[in-house]
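Asker: Sharing a structure here in structure tokens format.
The values are calculated or read from the model by the stated rules, or taken from the named source; none is laboratory data. What you see is a predicted model; the values in this text were computed from it and never measured. All Cβ positions, glycine included, derive from the backbone under ideal geometry; neighbour counts span all protein chains shown. These area figures cover heavy atoms from the full protein model, side chains too; ligands, DNA and RNA do not enter into them. Shrake-Rupley method; radii C 1.70, N 1.55, O 1.52, S 1.80 Å.
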Amino acid sequence: MEKLLPSGKGRLARTALRLRGRAVPPIRVTELPSIPVAAGAVRMLPAPAEFRSLLLQRISQARRRIILVALYLQDDTTGREILEALYAAHRVRPELEIHVLVDWHRAQRGLIGKAQSPGNAAMYQEYASRYGEGVHIVGVPVHRRELFGVLHLKGFIFDDAVLYSGASLNDVYLARHGRYRLDRYHLFESKVLADCLADFVRSALLENPAVCALNQSILPSTRSQGPAIRGFRRGLRSARYLFQGEASGAQDVEITPLIGFGGLANMLNDAILALVKSTQRKLVLFTPYFNLPGPMNRALSRLLASGRDVTLVVGDKTANDFYIPPSEPFKTIGLLPYLYEANLRRFAKQHQEAIEEGRLHIHLWRHEDNTFHLKGLFIDDEFTVVTGNNLNPRAWSMDLENGLVIRDPRGLLAQMHAAERAAILANTTRLKGYRDLETPRHYPQPIRKALNRLNRVRLDRLVNRLL
């Protein structure tokens, strides 16, 4: 019998209950429908260089389809290397289906804090004019303005395999030129999972009139796309992955793909929160930006109050991709790492007793001048969440997100997961308490001045919510 996630009607009912202030039945995490995947068909890659190598290898080996979904494909050495590989694959196999999906807004601007530019779309158009058709690059406009939400789906599909990471596609994410931005990288050899993710991309994204080609010479304005974007957004609120849930075998793990969009009836949010609340012994949580949504913050506090073991792995402020060294000119975006550190310090202070009693372990990641972009959870050595979701208010209510919940009741992946955690923790420092984190009086003068201005008008709360 086909076993699917709650239907659109069921999700609307959950939304109606929330709007009326009534209790919503919690998701039972052990009853989530799932796709059985042989444990031997699941692989973790240890570092971004291996991720880059496998990505390029799979592009060259693909026979039927390549579907790449990421926030952006950057105009840099790595971005051009990937485009060259995609066009080369098309020349060898003209029948190969090749789609690249990126955020519509992000593709048409330069980097934050850098000079104004036409963005990565100019590179896509350059390659299309040089090589012709065959590689379809489209922009997905989740909202009319980037500030209010972006395409944050993840996943690269090659024939019957899914390569999943929170990484976007550029030099630093893929460890070029001596620096890297650390993420998680998993390969799943599963036709059912690959078909499930590919079917969603086609039906919910590629076939929608709001989703436009970026490698055409003239792009429509976002304003002209307004009605289509509004309709697209309405459809995303009830979007879901469709698949046939089946019982797993003795050598299988169970994988549930989930979509999340908006603050109400968000299946990904609900599942993550339910998993956190279901923790019986220990929870490990990774996030690059410590800015937890209120429900997640409260759930962690309840776990600690009930004696559960909680480990938080967060990037040091200097390992944040928005960090600007004091030796460089100040830009407003450079405030963010300090705001995240202030959030973490408040949380640590609130739970200082749990730190001292060994129930709360806070690890700060830092390795030379590299940056940290990890997200996800481990719950009781049974559940793992692999996701691009930053576990912050923006991801919780504004961006289009997805994730894979992996259930492994037999511990078939225990050794692989332990190796991943050990590799990540190798470059961390464990806090003894909240006093190990700097206070604003130790920050550079421009940072102190800007933070004081934000605090006076309570804008720090708004910034935390939007970024």
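Asker: Could you tell me whether region 53-64 includes any residue that is in a strand (DSSP E or B) and at pLDDT 95 or above?
Answerer: Restricting attention to region 53-64, the residues satisfying the condition of being in a strand (DSSP E or B) are none.
No, every residue in region 53-64 fails to be in a strand (DSSP E or B) and at pLDDT 95 or above.
Asker: Hey, another quick one. Show the residue pairs meeting these rules: Cβ distance below 9 Å; 6+ apart or different chains; first residue within region 412-423 and within 22 Å of residue 36 (Cβ to Cβ) and at pLDDT 95 or above; second residue in a helix (DSSP H, G or I) and open to solvent by 50 Å² or more (accessible area, probe 1.4 Å).
Answerer: Short answer, once both residue conditions are applied: 412/40.
Asker: Among the residues of region 309-334 satisfying the criterion of being of a type in the set (A, V, I, L, M, F, W, C) and assigned to a loop (DSSP other than H, G, I, E, B), which is surrounded by the fewest Cβ atoms within 10 Å (Cβ to Cβ)?
Answerer: At the first step, the residues of region 309-334 found to be of a type in the set (A, V, I, L, M, F, W, C) are 310, 312-314, 319, 322, 324, 330, 333.
Adding the requirement that they be assigned to a loop (DSSP other than H, G, I, E, B) leaves 322, 324, 330.
On the way: 322: 20, 324: 20, 330: 15.
For region 309-334, the residue satisfying everything is 330.
Asker: State all residues of region 304-318 that are under 28 Å from residue 380 (Cα atoms) and either out of contact with any Leu (no Cβ under 8 Å at 6 or more places or on another chain) or among the β-branched types (Val, Ile, Thr) (or both); if no residue qualifies, say none.
Answerer: Within region 304-318, the subset under 28 Å from residue 380 (Cα atoms) is 304-316.
Within region 304-318, 305, 306, 307, 310, 311, 313, 314 qualify.
Asker: For residues that are hydrophobic (A, V, I, L, M, F, W, C) and open to solvent by 10 Å² or more (accessible area, probe 1.4 Å), scanning just region 245-260, find the one that is modelled with the lowest pLDDT. Step through it out loud before you land on a result.
Answerer: Of the residues in region 245-260, the ones hydrophobic (A, V, I, L, M, F, W, C) are 247, 250, 253, 255, 258-259.
Then keep just the ones that are open to solvent by 10 Å² or more (accessible area, probe 1.4 Å); that gives 247, 250.
Numbers: 247: 87, 250: 94.
Looking at the filtered set, the residue picked out is 247.
Asker: Are any residues in region 261-276 closer than 24 Å to residue 37 by Cα, open to solvent by less than 20 Å² (accessible area, probe 1.4 Å) and either of a type in the set (Asp, Glu) or at pLDDT 95 or above (or both), and if so, which ones?
Answerer: 268, 269, 271, 272, 274, 275, 276
Conditions tested, residue by residue: (1) in contact (Cβ under 8 Å) with a residue 12 or more places away in the chain; (2) on the phi > 0 side of the Ramachandran plot; (3) among the polar types (S, T, N, Q); (4) touching a Ser or Thr at 6+ places or on another chain (Cβ under 9 Å).
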position	(1), (2), (3), (4)
185	yes, no, no, yes
197	yes, no, no, no
200	yes, no, no, no
209	yes, no, no, no
213	yes, no, no, no
218	no, no, no, no
233	yes, no, no, no
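Asker: So which residues in region 420-438 are surrounded by 13 or more Cβ atoms within 10 Å (Cβ to Cβ) and in a helix (DSSP H, G or I)?
Answerer: 420, 421, 423, 424, 425, 434, 436
Asker: Can you give me the number of residues within region 361-408 that are of a type outside the set (A, V, I, L, M, F, W, C), open to solvent by 10 Å² or more (accessible area, probe 1.4 Å), closer than 21 Å to residue 281 by Cα and at pLDDT 95 or above?
Answerer: Number satisfying all stated conditions: 5.
Asker: Here is a check on your reading of the model: is residue 107 within 21 Å of residue 176 (Cβ to Cβ), open to solvent by less than 10 Å² (accessible area, probe 1.4 Å), in contact with a Gly (Cβ under 6 Å, 6 or more places away or on another chain) and modelled with pLDDT of 95 or more?
Answerer: On the way: within 21 Å of residue 176 (Cβ to Cβ): yes; open to solvent by less than 10 Å² (accessible area, probe 1.4 Å): yes; in contact with a Gly (Cβ under 6 Å, 6 or more places away or on another chain): yes; modelled with pLDDT of 95 or more: yes.
It is true that residue 107 is within 21 Å of residue 176 (Cβ to Cβ), open to solvent by less than 10 Å² (accessible area, probe 1.4 Å), in contact with a Gly (Cβ under 6 Å, 6 or more places away or on another chain) and modelled with pLDDT of 95 or more.
Asker: Pairs only if they're at least six apart or on different chains, beta carbon under 6 angstrom, first in region 445-464 and under 21 Å from residue 325 (Cα atoms) and part of a helix (DSSP H, G or I), second open to solvent by 80 Å² or more (accessible area, probe 1.4 Å) and at pLDDT 80 or above; list them, first residue then second.
Answerer: Sorted first by the residue in region 445-464, then by its partner, the pairs are 446/330.
Asker: Here's a follow-up. Does region 124-140 contain at least one residue that is assigned to a loop (DSSP other than H, G, I, E, B), closer than 23 Å to residue 264 by Cβ and in contact (Cβ under 8 Å) with a residue 24 or more places away in the chain? Show your work before the answer.
Answerer: Within region 124-140, the subset assigned to a loop (DSSP other than H, G, I, E, B) is 132-135.
From what is left, the residues that are closer than 23 Å to residue 264 by Cβ are none.
Looking through region 124-140, none of the residues is assigned to a loop (DSSP other than H, G, I, E, B), closer than 23 Å to residue 264 by Cβ and in contact (Cβ under 8 Å) with a residue 24 or more places away in the chain.
Asker: Does residue 279 fit the bill of being open to solvent by less than 50 Å² (accessible area, probe 1.4 Å) and closer than 29 Å to residue 30 by Cα?
Answerer: So residue 279 fits the description; yes.
Asker: Would you be able to tell me the number of residues in region 304-319 that are closer than 16 Å to residue 275 by Cβ and in contact with a helix residue (DSSP H, G or I) (Cβ under 9 Å, 6 or more places away or on another chain)? Steps first, answer last, please.
Answerer: Going through region 304-319, the residues closer than 16 Å to residue 275 by Cβ turn out to be 306, 308-312.
Filter again for in contact with a helix residue (DSSP H, G or I) (Cβ under 9 Å, 6 or more places away or on another chain), leaving 308-312.
Number of matching residues: 5.
Asker: Sticking with this one: Out of all the residues in region 287-308, is one or more crowded, with 16+ Cβ neighbours inside 10 Å and either closer than 29 Å to residue 98 by Cα or among the acidic types (Asp, Glu) (or both)?
Answerer: no
Asker: Moving on. Return the residues of region 51-90 that are touching a residue at least 24 places away in the same chain (Cβ under 8 Å) and out of contact with any strand residue (DSSP E or B) (no Cβ under 8 Å at 6 or more places or on another chain); say none if nothing qualifies.
Answerer: Going through region 51-90, the residues touching a residue at least 24 places away in the same chain (Cβ under 8 Å) turn out to be 51-52, 54-56, 58-83, 85-90.
Within region 51-90, 52, 56, 60, 63, 75, 76, 77, 80, 81, 85, 87, 88 qualify.
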